[in-house]
Amino acid sequence: MKKTILSLAMVLAAGVLFAQKKTTTSAVINFDATTPIDALPKAENKTVIASLDTKSGTVAFEAAIKSFTFSNPKIQEHFNNKGWMDSDQFATATFKGSITNLKSVKFNKDGTYPVDITGDLTMHGITKTIDAKGFITVRGKLIVANSEFTVKLEDYKVNGGAIAAGKVSKEPTIKVVAEFN
């Protein structure tokens, strides 16, 4: 009986310890490379894997490049081709970083908290450190993390005629939203 109670206590304790890390497979990334010339280069990926460790402030996401959907199938085809994201060779984009002002977030109190995030974004086989602003919203057991930042496509060796022609922004806006239960 003592072994059963001890085993149950250890399982419960482990559950509490591991509950610090939240994960989801339905985070959303919006990619907006629109310009005054062309309003179509916008895409959305609703199957992003994301994690948040509320104790350490570690955040991460992984997005399959082929899961970005555009309203125009031709743009989607170009986006995945060799001259652009080359999704056959570089299947995912990843971010691994941390919230640098984690102490300002009260995960046990409802509210919206501004956060600063720094980490490594890997896209098209190239890793660059980025800094971003975001918000963590706490509503009961629900945690919503969101951030918006821009990237320079040339930093990731993504180029093409549409960028040179001004049809695609050289610095698209990336929006990330993840809901953790």
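All of the numbers you see were taken from the coordinates with simple rules; none came from a lab. The structure displayed is predicted, hence computed values, not measured ones. A quick note on method: Cβ atoms are made from the backbone with ideal geometry, for glycine too, and the neighbour counts reach across all protein chains shown.
Just one of (1) 19.3, 75; (2) 33.0, 118; (3) 15.0, 42 is Rg and Dmax of the Cα atoms in Å as worked out from the coordinates here. Which one is it?
The value matching this structure is (1).
Mind checking the dipole of region 21-180: about its Cα centre, +1 per Lys or Arg Cβ, -1 per Asp or Glu Cβ, Debye to the nearest 20?
The dipole of region 21-180 has a size of about 480 debye.
Suppose the chain between GLU148 and ASN80 were pulled fully straight at 0.36 nm per residue; how much longer would it get relative to their current alpha carbon spacing?
Stretched fully, the GLU148-ASN80 segment lengthens by 22.2 nm.
Gap in Å between the Cα centre of region 35-51 and the Cα centre of region 139-156?
12
Determine the calculated [θ] at 222 nm for the chain from helices alone, applying -39500 (n - 2.57) to every DSSP H run no shorter than 4 residues and normalising by the residue count; nearest 500 deg cm²/dmol.
So the helix-based figure for the chain works out to -4500 deg cm²/dmol.
Counting only Cα, what are the radius of gyration and maximum Cα-Cα distance Dmax of region 47-153, in Å?
15.8, 47
Taking the Cβ of THR137 as the centre, find all other residues whose Cβ is under 12 Å away and add up their charges (Lys, Arg: +1; Asp, Glu: -1).
Residues near THR137 contribute +1 overall.
Residue-wise, which Karplus ³J(HN,Hα) couplings in Hz belong to region 140-148, taking 6.51 cos²θ - 1.76 cosθ + 1.60, θ = phi - 60°, and x for glycine or proline?
x, 8, 8, 10, 10, 10, 9, 8, 9
Return the aspartates and glutamates within reach of LYS103: Cα separation strictly under 14 angstrom, same-chain partners fewer than 8 residues apart disregarded; answer none if there are no such residues.
ASP53, ASP116
Between ASP120 and SER67, 0.36 nm times their residue separation minus their Cα-Cα distance comes to what?
Residue separation times 0.36 nm, minus the Cα-Cα distance, leaves 17.0 nm.
At 7 Å along the Cα-to-beta-carbon direction for both ASN181 and THR100, put a label point, then send me their distance in nm to one decimal.
That separation, rounded to one decimal, is 3.5 nm.
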